[in-house]
There are 2 protein chains.
Amino acid sequence: MSTEQSAAPSGGDAILDRFYGVIPAGGIGTRLWPLSRAATPKFLHDLTGSGTTLLRSTYERLEPLTGSRILLVTGVAHRDAVCSQLPELGDADLLLENEPKDSGAAIGLAAAILARRDPDIIMGSFAADHVINPGEVFRDAVREAVYTAATGRIVTIGIEPAFPSTGFGYIRSNSPLDIEGAPNARAVVEFVEKPSEEVARQYLQSGEYHWNAGMFVAPVSLMLEHLQKSQPELYDGLSEIADAWETDRREEVMARVWPTLPKIAIDYAVAEPAARAGDVAMVPGSFTWDDVGDFAALGRLNSAEEISELTVMGEGARVFSESSSGVVVSDTKRVIALIGIEDVVVVDTKDALLVTTTEHAQEVKQAVERLKASGDHDVL
Amino acid sequence: MSTEQSAAPSGGDAILDRFYGVIPAGGIGTRLWPLSRAATPKFLHDLTGSGTTLLRSTYERLEPLTGSRILLVTGVAHRDAVCSQLPELGDADLLLENEPKDSGAAIGLAAAILARRDPDIIMGSFAADHVINPGEVFRDAVREAVYTAATGRIVTIGIEPAFPSTGFGYIRSNSPLDIEGAPNARAVVEFVEKPSEEVARQYLQSGEYHWNAGMFVAPVSLMLEHLQKSQPELYDGLSEIADAWETDRREEVMARVWPTLPKIAIDYAVAEPAARAGDVAMVPGSFTWDDVGDFAALGRLNSAEEISELTVMGEGARVFSESSSGVVVSDTKRVIALIGIEDVVVVDTKDALLVTTTEHAQEVKQAVERLKASGDHDVL
């Protein structure tokens, strides 16, 4: 149950031995409705046809670096599903949120609890619902990030931009840092918000920008130091919870304090203030990365059965296609016949059906909001 | 049970008193799969949002002319569904086919049985799955057709072509016939097959052509005379069945003879040979007529709830539409969300889902044939 019992396969490397993985498994993935929804969020699905859920893939991607030194932060409603996906998790490895509070509270709680176990821990936080390949290249970047973090920095792993995306934030970096074991680490100048397409093109041309994939590696002490400075209320609440965590007051304190915590993303709570203080570095990752932001992504990512230009997902899917292309996700055993329809997205679940186009896949989120407003909560 | 007990509200008109309606209710309506299928063919659906099945509407359209003098010919599998739709039907009004044998056998059997009840009957045959409005204009045309038939002719009701259709056969007519009670009746020159679009345009310009809607009004004796000449094998088989119909040998003879009958459409078996013999007349119908040939037709015909340009059919349909147009048929209670998809056809049933476009709606038939070939009989 305690960290002493966990083994990290770092080969006795004193710095890597300090590394601890944190997986915040939150977020419904509303743009993937009706497949992803409150009861079965995105991270519990196999969205790549690999046979493995995104959550399990995330765990297995980290494990060669961390061994069992992985904390999972998720909603109390997902406890059973998460434990079924990750039978390796012990009670001490699972942080359950009473209600969703954004990444600031989730990652901050992990930092506060880990700091009380061992103040020298270097934590690395990685979302449970991203697709990354190959794992070895990812771990190479994380290893560099850990060495960089050990020099007293908050380190983000930046993704080489494949196109001028207007859907991601960017990280601007400049000079190399010359850190042993981290030849590619650079100083971060600033984080910038999702740009216009024109600005995104300029970012690509400049060569100074990487996509911000929300991966942070840092000493827990430094995370907490910046959290205390920029979000003292959040810091105080998390400290109170962490102090009670290993006592019989855990539930009482969690129930009382957690609902009062401010909702804020870790980017605003820690990363951006730390960048302004000159404390952030970036390690570029040359792995492929996809946040599976919508159903159009499934067409790109899927290695499942393809009928000509149609990506078909779902065990036991019975899809007949005639001159059609796009993405079909079948969560039922119904026959699905597509005739002469191009770039279509069809998502067939027991109680809800979505029909859209790959071009309009991003708009699913707004449609779900309208459904919510209209009172159709049974399918959300 | 006998014709003596049936009352025709013809006001004592000696010619109209001879009139008897025949409704062949066959044909699955494969282009309307998965809504229409073997177990629930097209005529058992309300495809216009009127609250009434096509079959019931057909019956009610004829009833003011015929009273209860209506024979229904359908498959034995549909007996219960048909009787539930038409509780007025007595045992003697229902001719049940052991297996489908095309319209020649179905209408020929009705003619043979009616001729044995009363050789002076003028029958009028009208498909159970067409949409016609208004009923009064339809009955005006039928009335003229009955008067024309009484002069010893097979009479078809031709539809004024609304556009150069390549999907219908045409009737070419010329000189008016000057028949009392039938001022619009004309002599038919010939029936012609579905034309090319260029030829269809020429037909429209000439003013000599009407759509062949498969409506035939004729003395039963004349129907049988032409059937005997052109299809002696079919005629002999039907005669044997009709002779046994009111005896205790009906089932035995039906079971033995019916399966051996040739499959042929009434057009080839009677109408075309009769036209070549100069025995066919046409009464033009100025009602609107639609054979609901595919799902695109539903958008034209439906008076059901419309969400902007989207036609939604189905009791309890829960459709959310964002910038979408087309036709949605919901046979389930599932939420159907459409986002940014135009001219789409979505047909949602318990075990099968169709997604196509109004433009490709005609191709549903071929897709169903492919499904059949692939062994998916459970949803056909």
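The values are calculated or read from the model by the stated rules, or taken from the named source; none is laboratory data. On a predicted model such as this, the values are computed, not experimentally measured, just so you know. Positions of Cβ are generated from backbone atoms using ideal geometry, with glycine treated the same way; all protein chains shown enter the neighbour counts.
Okay, residues lined up against (1) of a type in the set (S, T, N, Q); (2) more than 18 Å from B:ASP46 (Cβ to Cβ):
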{"residue": "B:MET282", "(1), (2)": "no, yes"}
{"residue": "B:THR288", "(1), (2)": "yes, no"}
{"residue": "B:LEU298", "(1), (2)": "no, no"}
{"residue": "B:GLY314", "(1), (2)": "no, no"}
{"residue": "B:VAL319", "(1), (2)": "no, no"}
{"residue": "B:SER324", "(1), (2)": "yes, yes"}
{"residue": "B:ASP331", "(1), (2)": "no, no"}
{"residue": "B:GLY340", "(1), (2)": "no, yes"}
{"residue": "B:THR356", "(1), (2)": "yes, yes"}
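Per-residue answers, yes or no, for (1) touching a Lys or Arg at 6+ places or on another chain (Cβ under 7 Å); (2) among the polar types (S, T, N, Q):
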residue: A:ALA296; (1), (2): no, no
residue: A:VAL328; (1), (2): no, no
residue: A:THR358; (1), (2): no, yes
residue: A:LYS365; (1), (2): yes, no
Scan of segment B:348-364 for residues that are out of contact with any Pro (no Cβ under 6 Å at 6 or more places or on another chain) and among the small types (Gly, Ala, Ser), ordered by number | B:ALA361
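So is B:GLU60 part of a helix (DSSP H, G or I) and either over 19 Å from B:LEU224 (Cα atoms) or among the basic types (Lys, Arg) (or both) or not? Let's see the steps before the verdict.
Values: part of a helix (DSSP H, G or I): yes; either over 19 Å from B:LEU224 (Cα atoms) or among the basic types (Lys, Arg) (or both): yes.
For B:GLU60, the condition - part of a helix (DSSP H, G or I) and either over 19 Å from B:LEU224 (Cα atoms) or among the basic types (Lys, Arg) (or both) - is met.
In segment A:318-344, how many are in a loop (DSSP other than H, G, I, E, B) and not basic (Lys, Arg)? Lay out the reasoning, then the answer.
Residues of segment A:318-344 in a loop (DSSP other than H, G, I, E, B): A:323-325, A:331-334, A:340-343.
Cutting the leftovers down to not basic (Lys, Arg) gives us A:323-325, A:331-332, A:340-343.
Total satisfying the criteria: 9.
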Among the residues of segment B:315-344, how many are closer than 19 Å to A:ASP343 by Cβ and surrounded by fewer than 21 Cβ atoms within 10 Å (Cβ to Cβ)?
-> 6
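Does B:GLY299 meet the test of being within 22 Å of the chain's Cα centre (by Cα), assigned to a loop (DSSP other than H, G, I, E, B) and either under 22 Å from B:GLU359 (Cα atoms) or free of Cβ contacts under 8 Å to residues at least 12 places away in the same chain (or both)? Outline the logic, then answer.
Numbers: within 22 Å of the chain's Cα centre (by Cα): yes; assigned to a loop (DSSP other than H, G, I, E, B): no; either under 22 Å from B:GLU359 (Cα atoms) or free of Cβ contacts under 8 Å to residues at least 12 places away in the same chain (or both): yes.
Judged against the criteria, B:GLY299 is not a match.
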From the list B:ILE28, B:ILE23, which residue is at pLDDT below 95, buried (at least 18 other Cβ atoms within 10 Å of the Cβ) and outside any helix (DSSP H, G or I)?
-> B:ILE28
Scan segment B:325-344 for residues that are more than 7 Å from chain A (Cβ to nearest Cβ) and over 21 Å from A:SER323 (Cα atoms) and jot them down.
-> B:VAL329, B:SER330, B:ASP331, B:THR332, B:LYS333
Among the residues of segment B:36-54, the number that are in a loop (DSSP other than H, G, I, E, B) and surrounded by 24 or more Cβ atoms within 10 Å (Cβ to Cβ) is 3
Can you tell which of B:ARG153, B:ARG116, B:ARG143, B:ARG139 is under 21 Å from B:SER68 (Cβ atoms), charged (D, E, K, R) and crowded, with 20+ Cβ neighbours inside 10 Å?
-> B:ARG143
What do you reckon, is B:ASP290 among the charged types (D, E, K, R), touching a residue at least 40 places away in the same chain (Cβ under 8 Å) and closer than 30 Å to B:GLU160 by Cα?
-> yes
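Residues to consider are A:THR66, A:THR53, A:THR58, A:THR74; find the one that is over 14 Å from the mean Cα position of the chain (by Cα) and closer than 26 Å to A:THR288 by Cα. Before the answer, list the steps.
Details: A:THR53 fails: over 14 Å from the mean Cα position of the chain (by Cα); A:THR58 fails: over 14 Å from the mean Cα position of the chain (by Cα); A:THR74 fails: over 14 Å from the mean Cα position of the chain (by Cα).
Exactly one of A:THR66, A:THR53, A:THR58, A:THR74 is over 14 Å from the mean Cα position of the chain (by Cα) and closer than 26 Å to A:THR288 by Cα, namely A:THR66.
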Within segment A:69-113, restricting to residues that are polar (S, T, N, Q) and surrounded by fewer than 17 Cβ atoms within 10 Å (Cβ to Cβ), the one that is farthest from A:LEU16 (Cα to Cα) is A:ASN98
Subset of segment B:345-380 (residues that are within 9 Å of chain A (Cβ to nearest Cβ) and in a helix (DSSP H, G or I)) | B:GLU359, B:HIS360, B:ALA361, B:GLU363, B:VAL364, B:GLN366, B:ALA367, B:VAL368, B:ARG370, B:LEU371, B:ASP378, B:VAL379
